[in-house]
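Asks: The structure under discussion is supplied below as structure tokens; questions concerning it will follow.
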Amino acid sequence: MSSKIIGRPMDRVDGKLKVTGKAQYAAEYNPPGMAYAVIVQSTVPRGTVLRMQTSEAERAPGVLAVLTPRNTPKLPGADKFSAVPVLPRLTAMQDSEVLYNGQPIALVVADTFERATYAASRVRTTYVEKAASLKLEAGLERSEPALGNFGMPPPGHTRGDAAAALAAAPVRVEASYRTPTEHHNPMEPHASIAVWDDPEHLTLYDSNQGVFFMRQFLSLLFGLPPDNVRVISRYVGGGFGCKALPWPHQIMSIMAAKVVGRPVKLVLTRQQMFSLVGYRPQTLQKVELGASAQGKLTAIRHTGYSETSELDAFTEPFVNVSNMLYACPNVATSQRVVRLSASTPTFMRAPGEAPGTFAFESAMDELAHALKRDPLELRRLNHADKDPEHGKPWSSKSLLECYRWCAERFGWQRRSLQPRSMRDGDALIGWGMATATFPAFRMQASALARVMADGTAVVQCGAADLGTGAYTVFTQLAAETLGMSPEKVRMEMGDTVLPPGGLAGGSSTTATASPAIRSASNEVRRKLVQLAVADKESPLHGLAEKDIVVEDGRLSSSQDTARGETFAQLLTRQKLTHVEGKGDAAPDPAEQKFSSHAFGSHFVEVRVDEALGTVRVSRIVTAMGAGRILNPKTARSQIQGGVIFGLGMALTEETLRDPRLGRVMTADFAEYHVPVHADVPDIDVHFVEEHDPHVNPLGIKGIGEIGTTGIAAAVANAVFHATGKRVRELPITLDKLL
Amino acid sequence: MTDSKQPLSDGSAPAEASSPEAPEGTTRREFIATATVGSALLLEACRHAPPVEGPPPGTAPAELEVTFKVNGQLQTLKVDPRTSLLDALRERLGLTGTKKGCDHGQCGACTVLVDGRRELSCLSLAVMHQGAEVSTVEGLAQGDTLHPLQQAFIEQDALQCGYCTSGQLMSAVGLMSEPCGASDDDVREAMSGNLCRCSAYPNIIAAIQQVRRLPKL
């Protein structure tokens with residue numbers, strides 16, 4: 001494929017809509033007669049609702065309904081939850097059991113937001129309390145083997161004999177690491193507006209990462225044919241994983257709309273986003289490494305626990321990176337989960353890989369220190385030339401080039417080996433690095449492309465753009481394939497009336513939808529050429545199809561480009577409103593012959609004020625080998641954003657629950673600290689040019705999550721280099737350095 | 001709360017001027033401090049605002065009338081006295097460009113200009129703005145011509161999901177007339193009340209600095 005438009009750093013096509021405030025998010029639709037719903041949450045961690053006093057709320061001005069476990073309609077498909085592995089169990093006031101603090105127990109609907117909020121505060125609940133399980137460490141004895149999430153294989157792997165190899169290893173390190181509960185906190189709160197168009201037809205304006213997935217869930221739950229449910233999610237104010245699966249609020253807004261006979265808007269408060277939707281579960285991890293005296297890995301053992309709820313056995317699959325990141329003959333990894341009286345965790349940007357690389361890449365740094373070797377050299381020495389877990393060749397891998405580029409850019413050769421050996425005035429300086437990795441895969445998708453008689457094109461695919469730049473790269477891809485200027489192409493996404501796109505998860509959106517969009521666009525282009533050469537009135541009449549050049553919305557002869565006509569001229573003369581093409585794409589079994597991962601590296605400088613214990617990240621150099629980059633501008637933003645997401649994980653982010661009540665104590669931005677402008681230095685991001693002929697037809701690997709892997713370890717390793725203190729528990733707050 | 005009559009310097013003020021303690025600063029710390037008095041404000045407004053129609057003594061009025069300008073246009077609304085300026089803009093006037101990210105003054109997504117100064121519209125009640133001039137993101141462009149900051153945000157890719165963007169933009173517009181030092185670090189400090197979870201932070205700073213370096217008209 002020639003690349004006149006693909007690969008160009010084009011400005012975001014939705015940029016103008018977003019800087020003018022015109023991009024419409026889920027909560028910003030206004031169907032006539034819309035009412036407002038507010039969720040009431042449990043205030044005990046475990047028990048049964050004994051009595052709810054709702055009369056004061058019901059009498060409050062403007063109140064239309066108060067739903068509680070007593071009067072909430074039963075969901076026709078609620079019993080199908082456990083039968084379908086991709087659907088999590090949710091609580092939506094179907095019974096009186098309280099399984100965590102903050103569980104939705106009532107819903108107040110009123111004619112205005114203020115009135116609904118006030119009335120919700122007047123609901124009084126008494127409970128029969130039961131013993132709650134609130135602490136991960138206290139539940140280790142009753143832990144269960146981790147299952148795979150939604151049909152994926154369970155995390156864990158065995159090859160060789162790790163126990164024997166560890167016993168025999170001349171050099172060993174063993175350490176335990178801990179990562180806290182973390183919340184995604186997209187800037188846009190979760191929001192739904194439910195509209196029953198008639199008793200059998202539902203429209204949901206919703207903020208989610210996949211409209212078709214949401215439709216599948218809702219149609220099952222409400223006993224409706226899928227075609228009777230329309231889900232619209234055109235602009236999503238960030239997701240990071242917490243908008244992938246359904247949560248109670250979608251169900252509750254739909255039930256409320258049915259009960260009051262009006263459209264109902266339900267927007268979670270920021271505080272509610274800490275208990276009504278998912279989070280990254282806390283992990284306890286143990287890593288043991290054995291190596292030869294020269295530093296060759298001989299054994300890896302990585303085990304641990306993550307928390308989940310009593311509702312669902314979600315696992316944070318953190319050991320998977322240890323299976324494949326370096327060459328090592330003896331590996332044993334496994335995981336267990338502990339059920340707590342907590343809400344259900346979910347996928348959060350690089351689920352598994354983010355906490356897994358923190359533990360494993362910290363352990364590699366500890367091994368380098370034990371060997372008195374440079375941490376980068378240790379990684380080069382143990383580079384995996386093929387996938388050590390499955391024995392397959394990599395579809396492509398540029399990790400060594402990432403290391404080389406970062407080391408040179410960063411000036412790594414000037415690093416002194418000893419911790420506490422670099423200073424700048426009062427500040428201790430530390431340089432650390434870590435490897436980043438994330439698997440590449442794709443799902444099924446369909447697309448439709450249409451060139452209109454006015455010379456514009458509409459391309460449709462029901463995928464999601466969470467801010468990733470998908471609208472932009474798909475526009476570029478379609479424009480180039482159609483032979484049009486991108487300004488003439490309108491991309492439509494995020495609506496179930498469009499052809500099905502995948503779920504924005506697993507960094508797969510671009511790899512999933514691109515082949516379908518290309519195939520649909522190719523069909524249109526072919527049809528246009530065929531129309532022209534067959535049309536006696538066309539200047540191209542009689543030419544061979546292969547002799548037609550399509551560029552900038554115009555067909556012309558490759559021998560004489562002056563001879564030709566525009567799409568608009570052709571379609572107008574043919575009296576056609578449009579020419580249409582369809583494309584479908586699905587993973588090709590041939591791709592399974594290879595292992596496909598993106599790889600990269602982060603090099604980080606920290607400045608530590610030892611008197612105060614404060615850590616400032618002053619420099620980050622990141623390189624990625626991530627297949628074909630469709631738009632270096634939006635791609636750079638993706639990686640940079642992922643890195644900063646990882647900085648929050650490294651230094652500031654931690655969800656804490658009250659040890660007696662199980663309620664989240666850090667449920668707002670004053671207590672849960674995401675990075676702010678002043679925390680973030682300039683970040684040097686580089687993409688290694690990588691042509692991958694095997695991963696998928698377009699050589700795309702996905703870049704949404706890899707930026708967040710490895711970064712917490714790189715910061716922790718830099719902090720060790722600066723201070724000589726090994727912090728094995730995130731976040732690296734000042735109390736851990738004093 | 002800060003004094004809106006504070007004279008503005010020429011922009012060459014020392015870096016301290018934009019520190020969190022400075023009166024013009026709109027840092028997260030100040031936002032948080034302000035958030036804690038939110039409920040007190042609400043009570044105050046209910047106590048002092050004149051009722052439109054005489055409700056029985058001791059009960060809060062159902063609605064109060066308020067008139068203010070939004071992007072130059074005079075707007076008169078009857079609102080529930082508990083309505084925040086943010087909800088009045090979004091739910092009553094259909095100006096959904098201004099975003100609700102936390103409703104507690106901790107994220108900056110709802111930043112608007114009130115009489116030329118940046119203000120968190122979620123932390124102030126609509127009825128407190130009688131006679132005020134409110135500017136929102138919808139008023140930045142002149143027809144099809146984008147404000148230089150809007151243009152710079154697009155060029156520098158200073159947005160991803162777009163949900164914090166209106167607040168970042170309005171904060172940046174406000175910053176232009178505040179005593180903020182010239183360095184990137186000064187701007188970072190002065191913009192730290194505006195969170196961006198996609199973390200377009202370096203690009204936002206680049207966009208703001210690009211405009212600040214343009215020759216003054």
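None of the figures in this text is laboratory data; all of them are computed from the coordinates on show. The structure displayed is predicted, hence computed values, not measured ones. Cβ placement follows ideal geometry from the backbone for every residue including glycine, while neighbour counts extend to all protein chains displayed.
Asks: Taking R0 as 60 Å, what FRET efficiency do you get between residue B:115 and residue A:593 from their Cβ-Cβ distance, rounded to the nearest 0.05?
Replies: That pair, residue B:115 with residue A:593, gives E of 0.35.
Asks: If you don't mind, there's one more thing I want to ask. Give me the inter-chain shielding for B:93-101: mean count of other chain Cβ atoms within 10 Å, whole number please.
Replies: Mean shielding count: 5.
Asks: Mind ordering A:63-76, B:121-134 by average Cβ neighbours within 10 Å, highest first?
Replies: Put in order of decreasing packing, that is B:121-134, A:63-76.
Asks: How much net charge surrounds residue A:484 when only other residues with a Cβ under 10 Å from its Cβ are counted (Lys, Arg +1; Asp, Glu -1)?
Replies: Around residue A:484, the surrounding residues sum to -1.
Asks: Right, something else. Could you work out the mean count of beta carbons from other protein chains within 10 Å of each residue's beta carbon in A:183-192?
Replies: 5
Asks: May I pose another question? Taking the beta-carbon count within 10 Å as an exposure proxy, list B:155, A:653, A:487 from fewest neighbours to most.
Replies: By the 10 Å Cβ count, ascending: A:487, B:155, A:653.
Asks: What are the semi-axes of the equivalent ellipsoid for the stretch A:174-217, taken as the square roots of 5 times the Cα gyration tensor eigenvalues, largest first, in whole Å?
Replies: After scaling each eigenvalue by five and taking roots: 37, 13, 8 Å.
Asks: Check which residues have an amide H placed less than 5 Å from residue A:184's amide H, if you skip close sequence neighbours.
Replies: Here the answer is A:280, since their amide H atoms fall under 5 Å of that of residue A:184.
Asks: Moving on. Does the stretch A:226-274 classify as rounded, prolate or oblate by the C-alpha gyration tensor (a ≥ b ≥ c root eigenvalues; a/c under 1.5 gives rounded; else a/b over b/c gives prolate, otherwise oblate)?
Replies: Oblate is the answer for the stretch A:226-274, as a/c is 1.5 or above yet b/c matches or exceeds a/b.
Asks: Now for a separate question. Could you tell me the calculated FRET efficiency between residue A:559 and residue B:145, based on Cβ-Cβ distance and R0 = 51 angstrom, to the nearest 0.05?
Replies: 0.70
Asks: Let me ask you something else. Straight-line reach from residue A:22: which lysines fall under 19 Å, measuring Cα to Cα and dropping same-chain residues less than 8 apart?
Replies: B:99, B:100
Asks: A further question on this structure: Determine the gain in length on full extension of the stretch residue A:614-residue A:572; use 0.36 nm per residue of separation and subtract their C-alpha separation, reporting nm with one decimal.
Replies: Difference between extended and current length: 8.3 nm.
Asks: Hey, another quick one. Sequence gap at least 6, Cα distance under 8 Å: using those rules, report the relative contact order of chain A to the nearest whole percent.
Replies: 16
Asks: Where in the stretch A:490-508 is the amide nitrogen less than 13 Å from a point lying 7 Å along the Cα-to-Cβ axis of residue A:454?
Replies: A:490
Asks: Another question, then. Alpha carbons only, please: Rg and Dmax for the stretch A:333-391, in angstrom.
Replies: Values for the stretch A:333-391 (Cα only, Rg and Dmax): 15.9, 45 Å.
Asks: Please give, to one decimal in nm, the separation of the simple spin-label points placed at residue A:135 and residue A:729, each 7 Å out from Cα toward the Cβ.
Replies: A separation of 1.2 nm, rounded to one decimal place.
Asks: If you don't mind, there's one more thing I want to ask. Would you mind computing, in nm to one decimal, how far apart the modelled labels at residue A:197 and residue A:59 are, each placed 7 Å from Cα along Cα→Cβ?
Replies: It works out to 4.2 nm between the two label points.
Asks: Highest mean first, what order results for A:626-636, A:41-51 on Cβ atoms within 10 Å?
Replies: Descending mean neighbour count gives A:626-636, A:41-51.
Asks: Ok, one more. Peptide A:21-27: average number of partner chain Cβ atoms within 10 Å per residue?
Replies: 6
Asks: Here is a follow-up. Residue separation times 0.36 nm, minus the C-alpha to C-alpha distance between residue A:152 and residue A:97: what's the value?
Replies: 16.8 nm
Asks: Sticking with this structure for a sec: In straight Cα distance, which aspartates and glutamates are under 20 Å from residue A:296, not counting same-chain residues fewer than 8 positions off?
Replies: Correct list for residue A:296: A:161, A:174, A:288, A:361, A:365, A:366, A:374, A:377, A:385, A:387, A:389.
Asks: Order B:71-81, A:235-245, B:95-105 from most to least packed using the mean count of other Cβ atoms within 10 Å.
Replies: A:235-245, B:95-105, B:71-81
Asks: Given the C-alpha atoms of chain A, compute the convex hull and give its volume per residue in Å³.
Replies: 167
Asks: So what is the relative contact order for the stretch A:586-738, in percent, with contacts set as C-alpha pairs under 8 Å and at least six apart?
Replies: 37 percent.
Asks: Distance from the Cα centre of the stretch A:211-249 to that of the stretch B:141-183, in angstrom?
Replies: Taking the Cα centre of the stretch B:141-183 as reference, the centre of the stretch A:211-249 is 33 Å away.
Asks: Taking neighbour counts of Cβ atoms within 10 Å as a proxy for exposure, in what order, fewest first, do A:424, A:14 appear?
Replies: The most exposed by this proxy come first: A:424, A:14.
Asks: Extension gain residue A:17-residue A:334, at 0.36 nm per residue separation less the Cα-Cα distance, in nm?
Replies: Going from the current span to full extension adds 109.4 nm.
Asks: Return the whole-Å distance between the Cα centroid of the stretch A:133-150 and the Cα centroid of the stretch A:501-543.
Replies: Spelled out, the Cα-based centre of one part sits 50 Å from the other.
Asks: I've got another one for you. Give me the distance in nm between label points sitting 7 Å out from Cα along the Cα-to-Cβ direction at residue A:547 and residue A:738, one decimal.
Replies: In this crude label model, residue A:547 to residue A:738 measures out at 8.3 nm.
Asks: Tell me, A:471, A:127 in order of fewest to most beta-carbon neighbours within 10 Å?
Replies: Lowest to highest Cβ neighbour count: A:127, A:471.
Asks: Next question. Taking R0 as 41 Å, what's the FRET efficiency between residue A:380 and residue A:586 from their Cβ-Cβ distance, rounded to 0.05?
Replies: 0.65
Asks: Also: Expressed as a whole percent, how much of the Cα-Cα distance distribution for the stretch A:154-303 exceeds 21 Å?
Replies: 58
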